Amino acid sequence: MPRPTAIKLRRKSRLLEVSFDDGVVFELPFEYLRVYSPSAEVKGHGPGQETLQIGKHEVQIKAVEPVGNYAVRLMFDDGHDTGLYTWAYLHDLGSNRAAKWQNYLDRLKDLNIPYPTPAPVKRPPLR
């Protein structure tokens, strides 16, 4: 399995650039990474338990935290930070980006959810 040689957080363009030792470089949009988070919150605990993520087109990654020699944890500005993105998973996300993204758009369309879906409005607490 290829291993990353560099991981760059490009906040302005909202891309995580991952270079692998097999020579490939993937530019992974923050929204794509959030929608396909490997966390139980998103993937569930088994087939059919996935939770469709919507309203993430403006999500930012605040930090990238290494986890051992096998993964990174991405800290998103919507509070999500529980998915561990292994090297194999990041490579898979890069290699299959077009098909995975189309699958996501198709799922939204099937549910009559417009894209981009506006993020929920954060309202101040009632007093």
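The values are calculated or read from the model by the stated rules, or taken from the named source; none is laboratory data. The structure presented is a predicted model; accordingly, all values stated were derived computationally and were not measured. Cβ: placed from backbone, ideal geometry, glycine included. Neighbour counts: every protein chain shown.
Quick look at the numbers
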item: Residue that is farthest from D92 (Cα to Cα) [pool: residues in region 28-49 that are surrounded by 12 or more Cβ atoms within 10 Å (Cβ to Cβ), without any contact (Cβ under 8 Å) to a residue 60 or more places away in the chain and in contact with a helix residue (DSSP H, G or I) (Cβ under 9 Å, 6 or more places away or on another chain)]; result: V42
item: Answer residue from region 96-117, given it is surrounded by 14 or more Cβ atoms within 10 Å (Cβ to Cβ) and either of a type in the set (F, W, Y) or under 15 Å from the mean Cα position of the chain (by Cα) (or both) and is farthest from T51 (Cα to Cα) among those; result: R97
item: Pairs, first of a type in the set (V, I, T) in region 69-90, second assigned to a strand (DSSP E or B), C-beta under 6 Å, six or more apart; result: V72/V64; V72/P66; V72/Y85; T86/A71
item: Region 20-33, residues that are farther than 18 Å from D106 by Cβ, part of a helix (DSSP H, G or I) and not aromatic (F, W, Y); result: L33
item: L108 vs. criteria modelled with pLDDT under 95 and not in a loop (DSSP other than H, G, I, E, B); result: yes
